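Structure, as structure tokens:
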Amino acid sequence: MGLFKRGCTDKPVESVTEDCFNVQTYVNGLCSFIRTCETPMTISIQGDWGSGKTSMMNMIKENMLENIVPIWFNTWQFSQFDLGNNLVFSMLEVLMNQLGARNQALDKIRQTSIAGLKKTFAILAEAAAGGVAAEMLENALSGGAQNYADDIMKLKEQFQSAVDKKLKDTGKERVVVFVDDLDRLQPCKAVELLEVLKLFLDCENCVFVLAVDYEVVTLGIKQKFGNDVSEEKGKSFFDKIIQLPFKMPVAQYDIKNYVKETLGKMSFNNDDTVVDIYVDLIKASIGFNPRSMKRLFNTYQLLDIITKSTVTGMDDAVRQRILFAIICMQMQYEGLYTYFATSPTALENEEMSIYLRSDAAAAIMEYKEFAELITEGSIDKEDKVNAIVVFMRKFMKAIQLDNDDAISDEERNTLHSILKCSVVTSVNDTHAQQEDAVEKQYRWENRQLAKHAYEILSKEYGEFSSWLPRKERPDEGIKLSDACYYKIFDAEAGFKFSLEYYLRRVDNQTISVSILLRDKSSLKEKFLEVLGDSPLDCYSSRGNVLSWGGIDYLDVLRLNYNDDRNADLIASEWKKAYLCIKKYLR
């Protein structure tokens, strides 16, 4: 049996058989248009980074191989070699070489002044886009650019001849030039390539398919010609080059099918109920950008491996569902995620219930510091709070174990167990911040466990007092996560002392429990005289006598955090110590 390969690579889809988003209708439509449209024709495939532009072009190319001569130019790959101005020539060479043409005009242009050539490109492109008056163009060309223009016109004629010959030799209908990753270039460089392409756009039987976003072109024009270039001029430039703009149909992607197939490949539960929850979480967080979703599922697989061994005693399907909800929060709402990871009260019902209120967004906005925190100082704070409210309602549904709106202790503990493992994939946190987040999670967990033990003991022994350090004190060995509960007794010898249980976190899974006796009357000499150095004879070892008036029995219990019996074990340990000190009490 072969090993299951984990992780979703960023490799684009190569054919429609790999299409999980069910966009074949759009692919078929574009293919039909490319085969039947008048030429020359230029089509832009527009969309955000990672929206699937390369995959769309791959599917178009694969679907049309019987009818077209495809030429593929990846600008990003060529730009990695720091070709500078030669990037233009590299693209022209790829075009000519794949058409099987040796081009003397191109060789001649290569040897000319780059500065003069760029000037000519700019003049011709501006003229074609209607940006230069005829007399200005004539003056510019008479100033030395004419020689370059003549060479470029010859190159264009030879390109047309090469296209015609290639189609005749192959029996294909037309040449389709795919230019990928234009929007990964510096915007001014992307515009420069578009200027060059414009010189060839009136070649018969030739279709250009460009992966480029309108905003990149607009920014590139500003970089080349100055920020005072009007929006109208930028749009005019784009419209003159692009005859058919096509936006990636991200909103129409079949996300349910993609999620179902991805979970199936991961051997995770992918029944329709689970898939619906996952789709809702994705929609309310990162959205349907394919690259973002691949990153989400990669993080999911990594944390599944980690939590499988650290969060025990839990059904895998439940753990995975809650983990997925946490990762969606982490990736899209980092401020909210950090708050959940570091605030001991974030998951209390009183705080969680605010997201279910009809006026949830308004209520959150009233707490200005909290709104600032969870939106990370966003300019559109109100919009982000509204988005967070929508997400949190999906989130609270995903973490439920009993399908009600409230967050039970079991659900809270489960969520914290998984949450603390997720900090390793939080990209915005420094190492120190991650350690701080973990320590704050331990603080909450220790506090809850100590409280549960108290609730058991209070039924028989009445009220206890609690103590939590306000800050870490390394010189005294006190961590922020330490927690203890204690009860004060009156000794027959006339002083007060306490018996307490003290919790310290050893590591992710282990909790140390110590039992301590403390002088509460500032009569430490009398305290030590009466109790001696080993008042708890239930332990074989002697206690540690403290100079300020205390005796501690360190590490009397080692608990696994995920053991459901922990509160009972702590309560039993305290009772055992109490039976030893009863003889000293009034």
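Only the coordinates and a few stated rules stand behind these numbers; no lab work does. Everything numeric in this text was worked out from a predicted model, so none of it was measured. Here the Cβ is made from the backbone with ideal geometry for all residues, glycine too, and neighbour counts use every protein chain on show.
For the reader, a short list of remarks on this structure follows.
- Annotation: amide H-H contacts under 5 Å for residue 174 (H modelled 1.01 Å from N, sequence separation of 5 or more, or interchain): 69.
- Extending 7 Å from the Cα toward the beta-carbon at both residue 36 and residue 581 defines two label points whose distance is 9.0 nm.
- Neighbours of residue 401 by Cβ distance under 13 Å: Lys/Arg scored +1, Asp/Glu scored -1, total -3.
- Alpha-carbon Debye profile of the stretch 217-275, log10 I(q)/I(0) at 0.23 Å⁻¹: -0.92
- Cut-off under 5 Å, modelled amide H: who pairs with residue 521 long-range: 496
- Once the Cα-Cα distance is subtracted from the 0.36 nm per residue extended length, the residue 254 to residue 522 segment shows a gain of 89.3 nm.
- Counted charge near residue 586, where neighbours are those whose Cβ lies closer than 13 Å (Asp, Glu -1; Lys, Arg +1): +1
- The modelled label-to-label distance between residue 461 and residue 402, using points 7 Å beyond Cα along the C-beta direction, is 2.8 nm.
- Amide H contacts of residue 72 (H built 1.01 Å from N, in plane; Pro and chain starts excluded): 178 sit under 5 Å, all sequence-distant by 5 or more or on other chains.
- Over the stretch 254-429, the Kirkwood radius and the radius of gyration, each from Cα atoms, give a ratio Rg/Rh of 0.94.
- The 3J(HN,Hα) values that the Karplus relation (6.51, -1.76, 1.60; θ = phi - 60°) gives for the stretch 299-304 are, in residue order, 4, 4, 5, 4, 6, 5 Hz. Gly and Pro appear as x.
- Residue ranges 573-582, 46-55 sort as 46-55, 573-582 when ordered by packing (mean number of other C-beta atoms within 10 Å per residue, highest first).
- Charge dipole magnitude, Cβ of K and R +1, D and E -1 - the stretch 444-584, Cα centre, debye nearest 20: 200
- For the listed residue pairs 459/582; 166/235; 368/479; 53/283; 265/308, the alpha carbons are over 23 angstrom apart in 166/235; 368/479.
- A simple rule links phi to the HN-Hα coupling: the Karplus curve 6.51 cos²θ - 1.76 cosθ + 1.60 with θ = phi - 60°, which for the stretch 524-535 gives 5, 5, 5, 4, 6, 5, 6, 7, x, 9, 8, x Hz, with x for Gly and Pro.
- Dipole size of the stretch 289-371 about its Cα centre, with +1 on Lys/Arg Cβ and -1 on Asp/Glu Cβ: approximately 540 debye, rounded to the nearest 20.
- When peptides 503-509, 211-217 are sorted by average Cβ neighbour count within 10 Å, with the highest value leading, the order is 211-217, 503-509.
- Distance between modelled label sites at residue 565 and residue 154, nm, 7 Å Cα→Cβ extension: 9.3
- In whole percents, the pair-distance distribution calculated for the stretch 444-584 from its alpha-carbon pairs, binned every 10 Å from zero, is 12, 44, 36, 9, 0.
- Backbone geometry of the stretch 27-39 corresponds, through the Karplus equation with coefficients 6.51, -1.76 and 1.60 at θ = phi - 60°, to 3J(HN,Hα) couplings of 4, 4, x, 5, 4, 5, 5, 4, 6, 10, 6, 5, 10 Hz, x marking Gly and Pro.
- Given R0 = 22 Å, the distance between the Cβ atoms of residue 25 and residue 265 translates into a calculated FRET efficiency of 0.35.
- Share of alpha-carbon pairs per 10 Å distance bin for the stretch 202-333, given as whole %: 10, 30, 20, 17, 15, 7, 1
- The mean sequence distance of close C-alpha pairs (under 8 Å, at least 6 residues apart), as a share of the length of the stretch 254-429, puts its relative contact order at 25 percent.
- Surrounding net charge for residue 374, when Lys and Arg each add one and Asp and Glu each subtract one, Cβ distance under 12 Å: -2
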